[in-house]
Amino acid sequence: MNSESLIEAVALSRFFGAHCAVEKINLQLGRGEVLGLLGPNGAGKSTTMQMLTGNLAPGSGEIKVNGIDLLDEPRKAKCHIGYLPEQPPVYRDMSVNEYLRYCARLHSLEWREAITAADEAKERCNLQEVQHRLIGNLSKGFQQRVGIAQAILHKPAVIILDEPTVGLDPIQIREIRALIRELGEEHGIILSTHILPEVQAVCDRVQILNRGRTVFNDKLGAVESLENIFFELVYQDDPAVVVSVAAEPEVSV
Amino acid sequence: MNAIMVIARTEFRRMFSSPLAWSLLAMMQFILAWIFLLGLSEYLERVQPQVAMMENAPGITDLVVSSLYLWAGLLMLAMMPLLTMRLLAEERMNRTLVLLTTAPVSVSQIVLGKYLGLLLLIAVMVMMLTLMPLSLMLGTSLDWGKLAAAVLGLFLLLASFAAAGLFLSSLTRQPIIAAISTFGLLIFLMVLYISGNSQGSASELFIYLSHFGHFLSFLDGVFDTADLVYYLLFIAGFLLLAIRKLDNDRLEG
(Lines give C-alpha, C1' and ligand atoms only; values in the text may rest on other atoms or scores of the structure.)
Protein backbone atom coordinates (compact mmCIF):
# COMPACT_ATOMS: atom_id res chain seq x y z
CA MET A 1 0.00 0.00 0.00
CA ASN A 2 1.09 3.53 -0.63
CA SER A 3 2.41 5.46 2.33
CA GLU A 4 0.33 8.56 1.64
CA SER A 5 -2.96 8.26 3.47
CA LEU A 6 -5.90 10.06 1.91
CA ILE A 7 -8.58 9.02 4.34
CA GLU A 8 -7.96 8.24 7.94
CA ALA A 9 -11.14 7.41 9.81
CA VAL A 10 -10.85 6.23 13.37
CA ALA A 11 -13.51 4.57 15.51
CA LEU A 12 -16.51 5.91 13.62
CA SER A 13 -19.83 5.22 15.30
CA ARG A 14 -23.30 6.31 14.45
CA PHE A 15 -26.60 5.61 16.14
CA PHE A 16 -30.05 6.30 14.76
CA GLY A 17 -32.06 6.42 17.93
CA ALA A 18 -31.29 3.16 19.69
CA HIS A 19 -30.32 1.44 16.47
CA CYS A 20 -26.60 1.25 15.90
CA ALA A 21 -25.92 1.70 12.19
CA VAL A 22 -22.15 1.85 12.38
CA GLU A 23 -20.00 0.80 15.31
CA LYS A 24 -16.34 1.69 15.72
CA ILE A 25 -15.26 1.38 12.13
CA ASN A 26 -11.70 2.19 11.20
CA LEU A 27 -11.00 2.95 7.58
CA GLN A 28 -7.85 3.91 5.72
CA LEU A 29 -7.35 4.72 2.11
CA GLY A 30 -4.06 5.34 0.29
CA ARG A 31 -3.41 7.10 -2.97
CA GLY A 32 -3.74 4.83 -5.97
CA GLU A 33 -5.88 2.40 -4.07
CA VAL A 34 -9.38 1.16 -4.81
CA LEU A 35 -11.10 0.02 -1.66
CA GLY A 36 -14.22 -2.08 -1.92
CA LEU A 37 -16.75 -1.68 0.84
CA LEU A 38 -18.76 -4.86 0.90
CA GLY A 39 -21.66 -6.06 2.94
CA PRO A 40 -25.26 -7.15 2.91
CA ASN A 41 -28.04 -4.56 2.75
CA GLY A 42 -28.22 -2.53 5.92
CA ALA A 43 -24.64 -3.30 6.91
CA GLY A 44 -23.81 0.39 7.23
CA LYS A 45 -22.05 0.98 3.92
CA SER A 46 -24.08 4.01 2.90
CA THR A 47 -24.02 5.45 6.41
CA THR A 48 -20.24 5.14 6.48
CA MET A 49 -19.99 6.88 3.13
CA GLN A 50 -22.30 9.66 4.22
CA MET A 51 -20.08 10.25 7.21
CA LEU A 52 -16.92 10.23 5.10
CA THR A 53 -18.38 12.85 2.78
CA GLY A 54 -19.57 15.13 5.55
CA ASN A 55 -23.27 14.55 4.91
CA LEU A 56 -23.82 12.93 8.26
CA ALA A 57 -22.10 13.81 11.50
CA PRO A 58 -20.59 10.75 13.20
CA GLY A 59 -21.72 10.05 16.74
CA SER A 60 -18.10 9.58 17.70
CA GLY A 61 -14.77 9.10 16.01
CA GLU A 62 -12.74 11.28 13.72
CA ILE A 63 -12.17 11.61 10.01
CA LYS A 64 -9.18 13.11 8.26
CA VAL A 65 -9.31 13.72 4.54
CA ASN A 66 -5.95 14.38 2.97
CA GLY A 67 -4.73 15.37 6.43
CA ILE A 68 -7.56 17.84 7.06
CA ASP A 69 -10.06 17.16 9.80
CA LEU A 70 -13.47 16.85 8.17
CA LEU A 71 -15.37 17.82 11.29
CA ASP A 72 -13.26 20.86 12.18
CA GLU A 73 -12.77 22.28 8.70
CA PRO A 74 -15.54 20.78 6.59
CA ARG A 75 -15.26 23.21 3.70
CA LYS A 76 -11.53 22.72 3.27
CA ALA A 77 -11.77 18.97 3.57
CA LYS A 78 -14.70 18.72 1.17
CA CYS A 79 -12.56 20.21 -1.62
CA HIS A 80 -10.76 16.88 -1.70
CA ILE A 81 -13.86 14.72 -1.91
CA GLY A 82 -15.93 13.65 -4.87
CA TYR A 83 -19.07 11.74 -4.02
CA LEU A 84 -21.60 9.82 -6.04
CA PRO A 85 -24.52 8.85 -3.80
CA GLU A 86 -26.75 5.87 -4.50
CA GLN A 87 -28.96 8.05 -6.64
CA PRO A 88 -26.99 10.47 -8.83
CA PRO A 89 -27.74 14.03 -7.62
CA VAL A 90 -28.54 15.45 -11.04
CA TYR A 91 -31.00 18.19 -11.93
CA ARG A 92 -33.29 16.77 -14.56
CA ASP A 93 -34.09 20.18 -16.02
CA MET A 94 -30.48 21.12 -16.78
CA SER A 95 -28.36 20.07 -19.73
CA VAL A 96 -25.25 18.02 -19.12
CA ASN A 97 -23.03 21.00 -19.90
CA GLU A 98 -24.90 23.40 -17.63
CA TYR A 99 -24.95 20.90 -14.82
CA LEU A 100 -21.27 20.02 -14.92
CA ARG A 101 -20.22 23.67 -15.13
CA TYR A 102 -22.46 24.46 -12.18
CA CYS A 103 -20.83 21.65 -10.18
CA ALA A 104 -17.40 22.95 -11.09
CA ARG A 105 -18.40 26.46 -10.02
CA LEU A 106 -19.64 25.08 -6.71
CA HIS A 107 -16.13 23.81 -6.16
CA SER A 108 -15.04 27.44 -6.51
CA LEU A 109 -13.44 27.09 -9.92
CA GLU A 110 -13.38 30.24 -12.01
CA TRP A 111 -15.61 30.37 -15.07
CA ARG A 112 -12.90 29.36 -17.56
CA GLU A 113 -11.49 26.66 -15.32
CA ALA A 114 -14.99 25.36 -14.79
CA ILE A 115 -15.53 24.94 -18.52
CA THR A 116 -12.22 23.13 -18.93
CA ALA A 117 -12.91 20.90 -15.94
CA ALA A 118 -16.36 20.05 -17.26
CA ASP A 119 -14.92 19.25 -20.69
CA GLU A 120 -12.31 16.94 -19.22
CA ALA A 121 -14.85 15.14 -17.08
CA LYS A 122 -17.15 14.74 -20.08
CA GLU A 123 -14.32 13.20 -22.05
CA ARG A 124 -13.42 10.77 -19.30
CA CYS A 125 -17.01 9.63 -18.87
CA ASN A 126 -17.80 9.59 -22.62
CA LEU A 127 -20.50 12.19 -22.36
CA GLN A 128 -19.65 14.34 -25.39
CA GLU A 129 -22.46 13.00 -27.54
CA VAL A 130 -25.12 13.96 -24.99
CA GLN A 131 -23.59 17.18 -23.70
CA HIS A 132 -26.39 19.42 -24.93
CA ARG A 133 -29.25 17.21 -23.87
CA LEU A 134 -31.34 17.58 -20.75
CA ILE A 135 -30.30 15.17 -18.05
CA GLY A 136 -33.90 14.16 -17.45
CA ASN A 137 -34.11 12.77 -20.98
CA LEU A 138 -31.00 10.62 -20.66
CA SER A 139 -31.00 6.92 -19.91
CA LYS A 140 -30.14 5.66 -16.44
CA GLY A 141 -26.67 4.70 -17.60
CA PHE A 142 -25.91 8.17 -18.89
CA GLN A 143 -27.32 9.78 -15.75
CA GLN A 144 -25.06 7.56 -13.71
CA ARG A 145 -22.11 8.67 -15.81
CA VAL A 146 -23.07 12.31 -15.35
CA GLY A 147 -23.08 11.57 -11.62
CA ILE A 148 -19.57 10.12 -11.86
CA ALA A 149 -18.41 13.07 -13.98
CA GLN A 150 -19.71 15.37 -11.27
CA ALA A 151 -17.71 13.46 -8.66
CA ILE A 152 -14.39 13.62 -10.52
CA LEU A 153 -14.41 16.98 -12.23
CA HIS A 154 -12.61 18.94 -9.54
CA LYS A 155 -9.92 16.24 -9.44
CA PRO A 156 -10.48 15.33 -5.81
CA ALA A 157 -7.98 13.18 -3.97
CA VAL A 158 -10.72 10.86 -2.78
CA ILE A 159 -13.62 9.59 -4.87
CA ILE A 160 -16.44 7.87 -3.07
CA LEU A 161 -18.89 5.89 -5.15
CA ASP A 162 -22.00 4.34 -3.64
CA GLU A 163 -23.09 1.38 -5.78
CA PRO A 164 -22.00 2.98 -9.05
CA THR A 165 -23.12 0.14 -11.33
CA VAL A 166 -26.64 -0.47 -10.04
CA GLY A 167 -29.20 -0.46 -12.81
CA LEU A 168 -26.74 -0.42 -15.69
CA ASP A 169 -26.58 -2.87 -18.56
CA PRO A 170 -23.58 -5.25 -18.84
CA ILE A 171 -21.74 -3.11 -21.36
CA GLN A 172 -22.14 0.01 -19.27
CA ILE A 173 -21.02 -1.91 -16.20
CA ARG A 174 -17.87 -2.93 -17.99
CA GLU A 175 -17.21 0.65 -19.10
CA ILE A 176 -17.73 2.06 -15.65
CA ARG A 177 -15.49 -0.57 -14.08
CA ALA A 178 -12.77 0.28 -16.58
CA LEU A 179 -13.22 3.96 -15.72
CA ILE A 180 -12.95 3.23 -12.01
CA ARG A 181 -9.74 1.25 -12.55
CA GLU A 182 -8.33 4.12 -14.56
CA LEU A 183 -9.28 6.71 -11.95
CA GLY A 184 -7.88 4.45 -9.23
CA GLU A 185 -4.38 4.94 -10.58
CA GLU A 186 -4.15 8.55 -9.50
CA HIS A 187 -6.94 9.02 -6.95
CA GLY A 188 -8.03 7.01 -3.96
CA ILE A 189 -11.38 5.39 -4.49
CA ILE A 190 -13.89 3.91 -2.11
CA LEU A 191 -16.54 1.83 -3.76
CA SER A 192 -19.52 0.29 -2.09
CA THR A 193 -21.35 -2.61 -3.59
CA HIS A 194 -22.89 -5.90 -2.76
CA ILE A 195 -21.81 -7.53 -5.97
CA LEU A 196 -18.85 -9.78 -5.21
CA PRO A 197 -17.46 -10.10 -8.75
CA GLU A 198 -17.40 -6.32 -8.98
CA VAL A 199 -15.07 -6.15 -6.03
CA GLN A 200 -12.86 -8.78 -7.60
CA ALA A 201 -12.83 -6.93 -10.88
CA VAL A 202 -11.84 -3.48 -9.68
CA CYS A 203 -10.67 -3.36 -6.06
CA ASP A 204 -7.22 -3.68 -4.54
CA ARG A 205 -8.46 -4.15 -1.04
CA VAL A 206 -11.74 -5.17 0.47
CA GLN A 207 -13.35 -4.25 3.74
CA ILE A 208 -16.43 -6.26 4.65
CA LEU A 209 -19.02 -4.74 6.96
CA ASN A 210 -21.74 -6.59 8.75
CA ARG A 211 -24.24 -5.06 11.14
CA GLY A 212 -22.19 -1.91 11.40
CA ARG A 213 -18.89 -3.59 12.24
CA THR A 214 -15.80 -4.40 10.18
CA VAL A 215 -15.53 -8.14 9.95
CA PHE A 216 -12.79 -8.37 7.33
CA ASN A 217 -10.17 -6.07 5.92
CA ASP A 218 -7.43 -7.32 3.60
CA LYS A 219 -5.86 -7.00 0.19
CA LEU A 220 -7.64 -8.95 -2.50
CA GLY A 221 -4.43 -10.61 -3.61
CA ALA A 222 -4.25 -12.43 -0.29
CA VAL A 223 -7.81 -13.68 -0.57
CA GLU A 224 -8.43 -17.08 -2.08
CA SER A 225 -12.18 -17.02 -2.41
CA LEU A 226 -13.99 -13.83 -1.59
CA GLU A 227 -17.30 -15.61 -1.75
CA ASN A 228 -16.39 -18.15 0.93
CA ILE A 229 -15.06 -15.46 3.22
CA PHE A 230 -18.08 -13.29 2.69
CA PHE A 231 -20.59 -16.00 3.56
CA GLU A 232 -18.53 -17.27 6.43
CA LEU A 233 -18.12 -13.86 8.02
CA VAL A 234 -21.44 -12.30 7.28
CA TYR A 235 -23.57 -15.22 8.28
CA GLN A 236 -21.47 -16.67 11.05
CA ASP A 237 -23.66 -15.25 13.78
CA ASP A 238 -26.89 -15.96 11.98
CA PRO A 239 -27.50 -19.72 12.27
CA ALA A 240 -30.65 -19.71 10.16
CA VAL A 241 -28.79 -18.47 7.12
CA VAL A 242 -25.82 -20.78 7.65
CA VAL A 243 -28.18 -23.76 7.40
CA SER A 244 -29.76 -22.54 4.20
CA VAL A 245 -26.40 -21.74 2.65
CA ALA A 246 -25.08 -25.16 3.60
CA ALA A 247 -28.09 -26.83 2.04
CA GLU A 248 -27.59 -24.87 -1.14
CA PRO A 249 -23.90 -24.41 -1.69
CA GLU A 250 -24.07 -23.18 -5.27
CA VAL A 251 -25.25 -19.69 -4.47
CA SER A 252 -24.66 -17.47 -7.40
CA VAL A 253 -24.32 -13.79 -6.72
CA MET B 1 -20.03 35.20 -1.18
CA ASN B 2 -19.03 33.76 -4.50
CA ALA B 3 -20.75 30.45 -3.82
CA ILE B 4 -23.93 32.30 -2.89
CA MET B 5 -23.98 34.02 -6.27
CA VAL B 6 -23.28 30.78 -8.13
CA ILE B 7 -26.20 29.06 -6.39
CA ALA B 8 -28.47 32.08 -6.81
CA ARG B 9 -27.77 32.39 -10.52
CA THR B 10 -28.36 28.73 -11.19
CA GLU B 11 -31.54 28.78 -9.13
CA PHE B 12 -32.78 31.77 -11.11
CA ARG B 13 -31.85 30.19 -14.42
CA ARG B 14 -33.51 26.90 -13.53
CA MET B 15 -36.77 28.69 -12.81
CA PHE B 16 -36.66 30.14 -16.30
CA SER B 17 -35.64 26.89 -17.98
CA SER B 18 -38.88 25.35 -16.77
CA PRO B 19 -42.28 26.86 -17.57
CA LEU B 20 -42.60 27.84 -13.90
CA ALA B 21 -41.25 31.38 -13.98
CA TRP B 22 -42.72 32.11 -17.40
CA SER B 23 -46.22 31.03 -16.49
CA LEU B 24 -46.06 32.85 -13.18
CA LEU B 25 -44.95 36.10 -14.77
CA ALA B 26 -47.43 35.80 -17.62
CA MET B 27 -50.35 35.05 -15.34
CA MET B 28 -49.51 37.78 -12.87
CA GLN B 29 -49.04 40.28 -15.64
CA PHE B 30 -52.33 39.34 -17.30
CA ILE B 31 -54.47 39.49 -14.16
CA LEU B 32 -52.85 42.62 -12.81
CA ALA B 33 -53.07 44.39 -16.14
CA TRP B 34 -56.77 43.62 -16.14
CA ILE B 35 -57.16 45.01 -12.65
CA PHE B 36 -55.09 48.02 -13.59
CA LEU B 37 -57.26 48.77 -16.62
CA LEU B 38 -60.44 48.33 -14.60
CA GLY B 39 -59.18 50.74 -11.96
CA LEU B 40 -58.02 53.18 -14.58
CA SER B 41 -61.31 53.29 -16.48
CA GLU B 42 -63.25 53.63 -13.26
CA TYR B 43 -61.04 56.51 -12.23
CA LEU B 44 -61.46 58.25 -15.56
CA GLU B 45 -65.20 57.84 -15.80
CA ARG B 46 -66.38 58.12 -12.23
CA VAL B 47 -63.80 59.50 -9.89
CA GLN B 48 -62.08 62.15 -11.91
CA PRO B 49 -65.21 64.22 -12.66
CA GLN B 50 -66.09 64.25 -8.97
CA VAL B 51 -62.70 65.22 -7.61
CA ALA B 52 -61.70 67.57 -10.39
CA MET B 53 -62.76 70.63 -8.44
CA MET B 54 -61.48 69.53 -5.06
CA GLU B 55 -58.33 70.85 -3.58
CA ASN B 56 -55.82 68.22 -2.44
CA ALA B 57 -57.89 65.59 -4.18
CA PRO B 58 -56.70 61.98 -4.11
CA GLY B 59 -54.71 61.46 -7.29
CA ILE B 60 -54.36 58.51 -9.58
CA THR B 61 -51.44 57.16 -7.59
CA ASP B 62 -53.59 56.89 -4.46
CA LEU B 63 -56.59 55.31 -6.08
CA VAL B 64 -55.34 53.14 -8.89
CA VAL B 65 -51.73 52.38 -8.12
CA SER B 66 -52.11 51.52 -4.44
CA SER B 67 -54.90 49.07 -5.09
CA LEU B 68 -52.86 47.50 -7.89
CA TYR B 69 -50.01 46.75 -5.48
CA LEU B 70 -52.42 45.47 -2.87
CA TRP B 71 -53.83 43.05 -5.42
CA ALA B 72 -50.33 41.96 -6.40
CA GLY B 73 -49.59 41.19 -2.74
CA LEU B 74 -52.79 39.20 -2.37
CA LEU B 75 -52.20 37.19 -5.54
CA MET B 76 -48.65 36.38 -4.57
CA LEU B 77 -49.93 35.08 -1.27
CA ALA B 78 -51.33 32.21 -3.26
CA MET B 79 -48.43 31.92 -5.73
CA MET B 80 -45.44 32.16 -3.44
CA PRO B 81 -45.93 28.74 -1.82
CA LEU B 82 -45.64 27.18 -5.28
CA LEU B 83 -42.34 28.95 -5.85
CA THR B 84 -40.81 28.20 -2.47
CA MET B 85 -41.90 24.58 -2.26
CA ARG B 86 -39.34 23.51 -4.80
CA LEU B 87 -36.39 25.29 -3.21
CA LEU B 88 -35.45 22.66 -0.66
CA ALA B 89 -38.26 20.10 -0.44
CA GLU B 90 -37.96 19.21 -4.11
CA GLU B 91 -34.21 18.91 -3.82
CA ARG B 92 -34.74 16.55 -0.93
CA MET B 93 -37.26 14.50 -2.83
CA ASN B 94 -34.99 14.20 -5.88
CA ARG B 95 -31.97 13.57 -3.63
CA THR B 96 -30.08 16.43 -5.23
CA LEU B 97 -29.46 18.29 -1.99
CA VAL B 98 -26.49 15.95 -1.50
CA LEU B 99 -24.74 17.73 -4.34
CA LEU B 100 -24.77 20.98 -2.38
CA THR B 101 -24.01 19.46 0.99
CA THR B 102 -21.02 17.54 -0.41
CA ALA B 103 -19.61 20.58 -2.20
CA PRO B 104 -17.32 22.87 -0.22
CA VAL B 105 -20.06 25.38 0.58
CA SER B 106 -21.60 26.08 3.96
CA VAL B 107 -25.25 25.59 4.83
CA SER B 108 -25.77 29.34 5.12
CA GLN B 109 -24.40 29.79 1.62
CA ILE B 110 -26.86 27.22 0.31
CA VAL B 111 -29.83 28.87 2.02
CA LEU B 112 -28.81 32.41 1.09
CA GLY B 113 -28.06 31.39 -2.49
CA LYS B 114 -31.46 29.82 -2.92
CA TYR B 115 -33.16 32.78 -1.28
CA LEU B 116 -31.33 35.28 -3.43
CA GLY B 117 -32.25 33.37 -6.58
CA LEU B 118 -35.91 33.63 -5.67
CA LEU B 119 -35.54 37.31 -4.74
CA LEU B 120 -34.25 37.94 -8.25
CA LEU B 121 -37.43 36.46 -9.68
CA ILE B 122 -39.52 38.55 -7.29
CA ALA B 123 -37.63 41.64 -8.38
CA VAL B 124 -38.36 40.87 -12.02
CA MET B 125 -42.03 40.43 -11.18
CA VAL B 126 -42.25 43.69 -9.26
CA MET B 127 -40.41 45.48 -12.05
CA MET B 128 -42.80 44.22 -14.68
CA LEU B 129 -45.73 45.24 -12.52
CA THR B 130 -44.26 48.71 -12.04
CA LEU B 131 -44.19 49.23 -15.80
CA MET B 132 -47.98 49.65 -15.64
CA PRO B 133 -48.09 52.74 -13.41
CA LEU B 134 -45.02 54.05 -15.24
CA SER B 135 -47.00 53.91 -18.47
CA LEU B 136 -49.27 56.59 -16.97
CA MET B 137 -46.35 58.99 -17.31
CA LEU B 138 -47.40 59.37 -20.94
CA GLY B 139 -50.48 61.30 -19.92
CA THR B 140 -50.10 62.53 -16.37
CA SER B 141 -47.65 63.05 -13.55
CA LEU B 142 -47.20 60.52 -10.77
CA ASP B 143 -46.60 60.82 -7.06
CA TRP B 144 -43.09 59.39 -7.09
CA GLY B 145 -42.74 59.06 -3.35
CA LYS B 146 -45.91 57.05 -3.07
CA LEU B 147 -45.02 54.84 -5.97
CA ALA B 148 -41.56 54.17 -4.55
CA ALA B 149 -43.06 53.30 -1.16
CA ALA B 150 -45.51 50.91 -2.79
CA VAL B 151 -42.76 49.21 -4.81
CA LEU B 152 -40.55 48.84 -1.76
CA GLY B 153 -43.44 47.64 0.37
CA LEU B 154 -44.48 45.00 -2.14
CA PHE B 155 -40.93 43.81 -2.54
CA LEU B 156 -40.46 43.51 1.22
CA LEU B 157 -43.80 41.74 1.61
CA LEU B 158 -42.93 39.20 -1.08
CA ALA B 159 -39.43 38.79 0.34
CA SER B 160 -40.99 37.94 3.70
CA PHE B 161 -43.32 35.41 2.03
CA ALA B 162 -40.30 33.86 0.37
CA ALA B 163 -38.32 33.56 3.59
CA ALA B 164 -41.19 31.87 5.39
CA GLY B 165 -41.72 29.54 2.44
CA LEU B 166 -38.05 28.68 2.26
CA PHE B 167 -38.05 27.66 5.90
CA LEU B 168 -41.15 25.52 5.58
CA SER B 169 -39.65 23.97 2.48
CA SER B 170 -36.62 22.93 4.51
CA LEU B 171 -38.79 20.95 6.92
CA THR B 172 -40.14 18.33 4.57
CA ARG B 173 -39.28 16.22 1.57
CA GLN B 174 -42.75 16.57 0.03
CA PRO B 175 -43.04 19.78 -2.01
CA ILE B 176 -46.81 19.73 -1.75
CA ILE B 177 -46.69 19.72 2.04
CA ALA B 178 -44.26 22.61 1.96
CA ALA B 179 -46.67 24.49 -0.29
CA ILE B 180 -49.73 23.83 1.86
CA SER B 181 -48.02 24.77 5.11
CA THR B 182 -46.59 27.94 3.57
CA PHE B 183 -50.00 28.90 2.28
CA GLY B 184 -51.48 28.19 5.70
CA LEU B 185 -48.92 30.34 7.47
CA LEU B 186 -49.34 33.27 5.09
CA ILE B 187 -53.13 33.12 5.34
CA PHE B 188 -52.84 32.88 9.11
CA LEU B 189 -50.80 36.08 9.20
CA MET B 190 -53.49 37.77 7.16
CA VAL B 191 -56.21 36.46 9.44
CA LEU B 192 -54.24 37.94 12.33
CA TYR B 193 -54.59 41.31 10.66
CA ILE B 194 -58.32 40.86 10.09
CA SER B 195 -58.95 39.71 13.64
CA GLY B 196 -56.80 42.53 14.95
CA ASN B 197 -59.09 44.96 13.17
CA SER B 198 -62.35 43.26 14.03
CA GLN B 199 -64.93 44.90 16.22
CA GLY B 200 -64.88 43.70 19.78
CA SER B 201 -61.57 41.90 19.78
CA ALA B 202 -59.41 44.53 18.15
CA SER B 203 -55.78 44.05 19.06
CA GLU B 204 -52.81 46.23 18.28
CA LEU B 205 -50.53 43.27 18.85
CA PHE B 206 -52.22 41.14 16.19
CA ILE B 207 -52.02 43.94 13.69
CA TYR B 208 -48.39 44.45 14.52
CA LEU B 209 -47.57 40.76 14.13
CA SER B 210 -49.27 40.46 10.77
CA HIS B 211 -47.13 41.34 7.78
CA PHE B 212 -50.13 42.86 6.00
CA GLY B 213 -50.48 45.76 8.37
CA HIS B 214 -46.95 46.88 7.61
CA PHE B 215 -47.54 46.49 3.92
CA LEU B 216 -50.63 48.71 4.03
CA SER B 217 -48.72 51.57 5.60
CA PHE B 218 -46.22 51.37 2.75
CA LEU B 219 -49.14 51.54 0.32
CA ASP B 220 -50.34 54.70 2.05
CA GLY B 221 -46.99 56.16 1.17
CA VAL B 222 -45.67 56.04 4.72
CA PHE B 223 -42.09 54.89 4.96
CA ASP B 224 -41.63 53.95 8.59
CA THR B 225 -38.35 52.41 9.75
CA ALA B 226 -40.34 50.25 12.14
CA ASP B 227 -42.06 48.57 9.19
CA LEU B 228 -38.77 48.07 7.43
CA VAL B 229 -37.26 46.55 10.56
CA TYR B 230 -40.27 44.29 10.97
CA TYR B 231 -39.69 42.79 7.53
CA LEU B 232 -35.96 42.49 7.95
CA LEU B 233 -36.41 40.69 11.27
CA PHE B 234 -39.08 38.45 9.80
CA ILE B 235 -36.82 37.52 6.88
CA ALA B 236 -33.67 37.06 8.97
CA GLY B 237 -35.56 34.95 11.50
CA PHE B 238 -36.90 32.48 8.96
CA LEU B 239 -33.62 32.27 7.08
CA LEU B 240 -31.80 31.49 10.32
CA LEU B 241 -34.35 28.79 11.11
CA ALA B 242 -33.84 27.28 7.66
CA ILE B 243 -30.08 27.27 8.14
CA ARG B 244 -30.45 25.64 11.54
CA LYS B 245 -32.76 23.02 10.12
CA LEU B 246 -30.41 22.07 7.30
CA ASP B 247 -27.49 21.98 9.67
CA ASN B 248 -29.47 19.74 11.95
CA ASP B 249 -30.05 17.27 9.12
CA ARG B 250 -26.38 16.46 9.15
CA LEU B 251 -26.49 15.77 12.87
CA GLU B 252 -29.77 13.89 13.02
CA GLY B 253 -29.53 12.06 9.72
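Can you tell me the orientation of helix A:96-106 relative to chain A, as the angle in degrees between its alpha-carbon axis and the longest Cα principal axis, to the nearest 10?
80 degrees
In a GNM of chain A with a 10 Å cut-off on Cα contacts, which of A:ALA114, A:ALA18, A:ALA222 has the highest mean-square fluctuation?
Largest GNM mean-square fluctuation: A:ALA18.
What angle do you read, to the nearest 10 degrees and between 0 and 90, between the alpha-carbon axis of helix A:111-124 and the longest principal axis of chain A?
Helix A:111-124 sits at roughly 50 degrees to that axis.
Go through B:VAL64, B:VAL229 and list them by solvent-accessible area, largest first, probe radius 1.4 Å.
Putting B:VAL64, B:VAL229 in descending order of accessible area: B:VAL229, B:VAL64.
Between A:GLU4 and B:SER141, what is the label-point separation in nm under the 7 Å Cα-to-beta-carbon projection?
Simple spin-label model gives 7.4 nm for this pair.
So what's region B:73-166 giving for Cα Rg divided by 2.2 N^0.38 Å, two decimals?
After normalising by residue count via 2.2 N^0.38 Å, the value is 1.37.
Ignoring ligands, DNA and RNA, what accessible area per residue does chain A give at 1.4 Å, in Å²?
The answer is 44 Å² per residue.
Tell me the relative contact order for chain B as a rounded percent, counting alpha carbon contacts under 8 Å between residues six or more apart.
Taking the mean separation of contacting Cα pairs over the length of chain B, I get 26 percent.
Sorted by accessible area (1.4 Å probe), largest first, how do A:ASP72, B:ASP249 line up?
A:ASP72, B:ASP249
Can you tell me the mean projection area, over all orientations, of the convex hull of region A:87-155's alpha carbons? Units nm², please.
For the Cα atoms of region A:87-155, the hull's average projected area reads 3.9 nm².
What ratio of Cα Rg to 2.2 N^0.38 Å holds for region B:7-101?
Taking N as the residue count of region B:7-101, the ratio is 1.62.
How long are the three semi-axes of the equivalent ellipsoid of the protein assembly as shown, in whole Å, if each is the root of 5 times an eigenvalue of the C-alpha gyration tensor, listed from largest down?
Gyration-tensor ellipsoid for the protein assembly as shown: 56, 24, 19 Å.
Which whole-number percent is the relative contact order of region A:87-155 (Cα, under 8 Å, 6+ apart)?
48 percent
Can you give me the distance in nm between label points at A:LYS24 and A:ARG112, each placed 7 Å from the Cα along the Cα-to-Cβ direction?
Rounded to a tenth, the inter-label distance reads 5.4 nm.
What is the calculated FRET efficiency for B:MET54 to B:ALA26, with r their C-beta to C-beta distance and R₀ = 35 Å, to the nearest 0.05?
Efficiency computed from Cβ-Cβ geometry: 0.35.
Report relative contact order for chain A in percent, whole number only (criteria: Cα-Cα under 8 Å, sequence separation at least 6).
Once normalised by length, the contact order is 25 percent.
Taking a probe of 1.4 angstrom, what is the accessible area of B:TYR231 in Å², to the nearest 10?
Number for this one is 0 Å².
Just read off the accessible area of B:SER18 with the full protein assembly in place, 1.4 Å probe, to the nearest 10 Å².
Roughly 30 Å² of B:SER18 is accessible to a 1.4 Å probe.
Which value in nm describes the separation of the simple spin-label points at A:GLU224 and B:MET93, placed 7 Å from the Cα toward the beta carbon?
Calculated label separation equals 5.4 nm.
Compute the helix-to-body angle for A:170-183: its Cα long axis versus the longest principal axis of chain A, expressed 0 to 90° and rounded to tens.
So the helix axis and the longest Cα principal axis differ by about 80 degrees.
Using a probe of 1.4 angstrom, how much of the accessible area of the protein assembly as shown is carbon and sulfur, in percent?
For the protein assembly as shown, the apolar C and S fraction of the accessible surface comes to 59 percent.
In a Debye calculation with equal point scatterers on the alpha-carbon sites of region B:46-103 and no solvent, what is log10 I(q)/I(0) at q = 0.20, 0.31 Å⁻¹?
Computed log10 I(q)/I(0) values: -0.81, -1.12.
State the volume of the convex hull built on the alpha-carbon positions of region A:1-92, expressed per residue in Å³ and rounded to an integer.
Spelled out: Cα convex hull of region A:1-92, divided by residues, is 124 Å³.
Could you work out the equivalent-ellipsoid semi-axes for chain A, taking the square root of 5 times each eigenvalue of the Cα gyration tensor, largest first, in whole Å?
Semi-axes, largest first: 31, 22, 16 Å.
Using Cα centres only, tell me the gap between region A:9-51 and region B:27-59 in whole Å.
68 Å
In square angstrom and rounded to 100, what buried accessible area do you get between chains B and A, total over both, with the probe at 1.4 Å?
2500 Å²
At a 1.4 Å probe radius, which order do A:LEU12, B:LEU185 fall into by accessible area, largest first?
B:LEU185, A:LEU12
Pop out a list of residues from region A:52-93 that are at least 30 Å² less accessible with all the protein chains around than in their chain alone; 1.4 Å probe, no ligands or nucleic acids counted.
A:ASN55, A:ALA57, A:ARG75, A:LYS78, A:GLN87, A:PRO89, A:TYR91, A:ASP93
Would you mind checking region B:9-45 for residues with the amide N under 19 Å from a putative spin-label position 7 Å along Cα→C-beta of A:ASP93?
Answer for this model: B:9-29.
Given a Förster radius of 56 Å and the C-beta distance between B:LEU152 and A:GLU62 as r, what FRET efficiency does 1/(1 + (r/R0)^6) yield to the nearest 0.05?
The computed FRET efficiency comes out at 0.65.
For chain B, list the DSSP H helices whose alpha carbon atoms reach 18 Å or more along the long axis and whose average Kyte-Doolittle value is 1.0 or above?
B:19-42, B:66-85, B:107-135, B:144-171, B:175-197
A:HIS194: accessible area at probe 1.4 Å, nearest 10 Å²?
Taking all protein chains as shown, A:HIS194 has close to 70 Å².
Between B:LEU75 and A:GLU123, what is the FRET efficiency for a Förster distance of 45 Å, r being their Cβ-Cβ separation, to the nearest 0.05?
0.40
Against the 2.2 N^0.38 Å scaling, with N counting residues, where does region B:2-252 land? I'd like the Cα-based Rg ratio to two decimal places.
Here the Cα radius of gyration is 1.10 times the empirical estimate.
The values are calculated or read from the model by the stated rules, or taken from the named source; none is laboratory data. Computed from a prediction, not measured in an experiment: that's the story for all the values here. Virtual Cβ from ideal backbone geometry, glycine too; neighbours counted across all protein chains shown. SASA here: full protein model, heavy atoms, side chains in, ligands and nucleic acids out. Shrake-Rupley method; radii C 1.70, N 1.55, O 1.52, S 1.80 Å.
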